[in-house]
1. Take the range 75-104 and flag every residue that is of a type outside the set (D, E, K, R) and open to solvent by 30 Å² or more (accessible area, probe 1.4 Å).
2. Return the residues of the range 113-123 that are under 20 Å from the mean Cα position of the chain (by Cα) and without any contact (Cβ under 8 Å) to a residue 24 or more places away in the chain; say none if nothing qualifies.
3. Restricting to the range 40-74, name every residue that is of a type in the set (Ser, Thr, Tyr), in contact (Cβ under 8 Å) with a residue 60 or more places away in the chain, assigned to a helix (DSSP H, G or I) and open to solvent by 10 Å² or more (accessible area, probe 1.4 Å).
4. Evaluate the range 93-110: report whether one residue or more is of a type in the set (S, T, N, Q) and part of a loop (DSSP other than H, G, I, E, B).
5. Is it true that some residue in the range 131-153 is open to solvent by less than 60 Å² (accessible area, probe 1.4 Å), closer than 24 Å to residue 83 by Cβ and among the hydrophobic types (A, V, I, L, M, F, W, C)?
6. Which condition number in (1) assigned to a helix (DSSP H, G or I); (2) open to solvent by less than 80 Å² (accessible area, probe 1.4 Å); (3) farther than 30 Å from residue 189 by Cα is the one that residue 114 fails?
7. Let me spell it out: the conditions are (1) open to solvent by less than 50 Å² (accessible area, probe 1.4 Å); (2) within 14 Å of the chain's Cα centre (by Cα), and residue 126 meets all of them except one. Which number is the exception?
8. Can you pull out the residues in the range 144-171 that are among the aromatic types (Phe, Trp, Tyr) and under 24 Å from residue 119 (Cα atoms)?
Amino acid sequence: MKKKTTIIVICLFAVVIGVVCLYAYLSTKQRNAMADAKLSEVEMILSRDLSKDYPPTVKQVLSYFTEIQKCLYNEDCTEEEIEQLGMQARLLFDKELQDNNEVATYLIRLKSEVNAFREASYRIYRISIASSNNVETFKEDGYEFARISSTYYVSDKGRTGYQDVVYLMRRDENRQWKIYGWDRAVNVNMGTDAVTE
């Protein structure tokens, strides 16, 4: 009887060990599959369908635009990804800004700026956007406009600096805020003067 009990205990122990090992194997396999499936920053930005998920506020439009910029200037993007990110950014532009920046010329200029930024070893390490309470809105020529400021913090081989930028947005016929232009804050008179790119 004692021999039979010992054999049963050994068999149960072997089954438990087998189950634990199988669980550990499957868990590791699932974690690895999830890690492989994780989207890169660029893929996450490009996966957003702005026709269905357009940012609803001035601050959120600028926040998404700055995420695109961080990908462009900080990530190791291919030329195709730079074009895709540039086209995604254009979807946030006001029609007038799009018309003043023909696609081919815009993409050539964007690639040149990205390459120059990288060659200079610059890196955007943070972008601070004003709170929604600090958005200045006004009406002009029958349009609704909004101004919002941001600060770009850039590093260059251990040195850091910042640049204040003011964005001007105009609400379109679909009531979506679109980027009308931007300029360095030192060039902008807050009030009724327009900001231009």
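1. 78, 84, 87, 91, 98, 100, 103, 104
2. Within the range 113-123, 113, 115 qualify.
3. 63
4. Among the residues of the range 93-110, at least one is of a type in the set (S, T, N, Q) and part of a loop (DSSP other than H, G, I, E, B), which makes the answer yes.
5. Within the range 131-153 (the criterion being open to solvent by less than 60 Å² (accessible area, probe 1.4 Å), closer than 24 Å to residue 83 by Cβ and among the hydrophobic types (A, V, I, L, M, F, W, C)), the answer is no, since none of the residues qualifies.
6. Condition (3) is where residue 114 drops out.
7. Only one criterion is unmet by residue 126, namely (1).
8. The answer is 152, 153, 162.
The values are calculated or read from the model by the stated rules, or taken from the named source; none is laboratory data. What you see is a predicted model; the values in this text were computed from it and never measured. Counting neighbours? That spans all protein chains shown, and the Cβs are built from the backbone with ideal geometry, glycine included. The area values use the complete protein model at the heavy-atom level, side chains included, leaving out ligands, DNA and RNA. Shrake-Rupley method; radii C 1.70, N 1.55, O 1.52, S 1.80 Å.
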